[in-house]
Amino acid sequence: MADLKAGVNQLFLREEELRTGMELLFYAYREFTAEPDEILAEIGFGRAHHRVIYFVGRYPKITVSELLAILKITKQSLSRVLGELVRQGFIDQQTGARDRRQRLLELTEKGVELERQLSETQRQRIARAYRMAGAEAVEGFRKVMMGMLDEEDRAKFAPPVPPARLAAKR
């Protein structure tokens, strides 16, 4: 029987392979953030602003507590960045209907447009890389990325249980 992985380096845990993987992550992150960084710099914002804009756009009505948990930053850091984004009209804050202490965050039209600009080149870059690599490699990439996450964050990306399996468990 032929070895299907004959062309793949089976010594992927060697120090040099691990260092190469680390280096690729650094270079990829540099390229992934370069264009959004330019857009942000034009309006006096940085990567912290980008992360807040992204997650508020991804999860409309997210609470400040939920955002803090995702970003793993201090309240003080988030307060500074969020305050700027609210004052400049990119994010709207509303008081929670059930819990008046909650602050629910949502992008304004101006925020939606900024998020679109920031994410568009990143989406294009990821789509191009996915097309070049193919479905099997994309699945491998996802497995590697999932393996790098803490267990708590990994659970956020677990595939949903199909309804047929839920019924079978009952």
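To keep it simple, each residue is scored yes or no on (1) under 23 Å from Tyr27 (Cα atoms); (2) in a helix (DSSP H, G or I).
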{"residue": "Ala41", "(1), (2)": "yes, yes"}
{"residue": "Arg51", "(1), (2)": "yes, yes"}
{"residue": "Tyr54", "(1), (2)": "yes, yes"}
{"residue": "Gln94", "(1), (2)": "no, no"}
{"residue": "Leu118", "(1), (2)": "yes, yes"}
{"residue": "Arg123", "(1), (2)": "yes, yes"}
{"residue": "Asp153", "(1), (2)": "no, yes"}
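Going by the structure shown, is Thr33 surrounded by 14 or more Cβ atoms within 10 Å (Cβ to Cβ), of a type in the set (S, T, N, Q) and part of a helix (DSSP H, G or I)?
yes
Name the one entry in Glu136, Glu120 that is loosely packed, with under 12 Cβ neighbours inside 10 Å, over 16 Å from Phe55 (Cβ atoms), of a type in the set (D, E, K, R) and modelled with pLDDT of 95 or more.
Glu136
Starting from the stretch 35-51, keep only residues that are over 15 Å from Leu82 (Cα atoms), then list their pairs with residues that are charged (D, E, K, R) and in a helix (DSSP H, G or I) whose Cβ atoms are within a distance under 9 Å, requiring at least 6 positions of separation or different chains.
Glu35/Glu120; Glu35/Arg125; Pro36/Arg47; Asp37/Arg47
Among the candidates Gln93, Gln76, Gln117, Gln102, single out the residue that is over 22 Å from Asp153 (Cβ atoms) and either in contact (Cβ under 8 Å) with a residue 40 or more places away in the chain or under 16 Å from the mean Cα position of the chain (by Cα) (or both). Don't jump to the end; show me each part of the working.
Details: Gln93 fails: either in contact (Cβ under 8 Å) with a residue 40 or more places away in the chain or under 16 Å from the mean Cα position of the chain (by Cα) (or both); Gln76 fails: either in contact (Cβ under 8 Å) with a residue 40 or more places away in the chain or under 16 Å from the mean Cα position of the chain (by Cα) (or both); Gln102 fails: either in contact (Cβ under 8 Å) with a residue 40 or more places away in the chain or under 16 Å from the mean Cα position of the chain (by Cα) (or both).
Every option except Gln117 fails the conditions.
Quickly run through the stretch 46-67 and pick out the residues that are in contact with an Asp or Glu (Cβ under 9 Å, 6 or more places away or on another chain) and open to solvent by 20 Å² or more (accessible area, probe 1.4 Å).
Matches in the stretch 46-67: Gly46, Arg47, His50, Tyr54, Phe55, Gly57, Arg58, Tyr59, Pro60, Lys61.
Would you say Gly57 is in contact (Cβ under 8 Å) with a residue 12 or more places away in the chain, over 21 Å from Arg123 (Cβ atoms) and of a type in the set (Gly, Ala, Ser)?
Here the answer is no, as Gly57 does not meet what is asked.
Give the residue, chosen from Arg98, Arg103, that is in contact with a strand residue (DSSP E or B) (Cβ under 7 Å, 6 or more places away or on another chain), open to solvent by 40 Å² or more (accessible area, probe 1.4 Å), of a type in the set (D, E, K, R) and modelled with pLDDT under 95.
The conditions single out Arg103.
The values are calculated or read from the model by the stated rules, or taken from the named source; none is laboratory data. None of the values given here were measured: they were computed from a predicted structure. Note that each Cβ is placed from the backbone with ideal geometry, even for glycine, and that neighbours are counted across all protein chains shown. Keep in mind that these areas ignore ligands, DNA and RNA; they rest on the heavy atoms of the full protein, side chains included. Shrake-Rupley method; radii C 1.70, N 1.55, O 1.52, S 1.80 Å.
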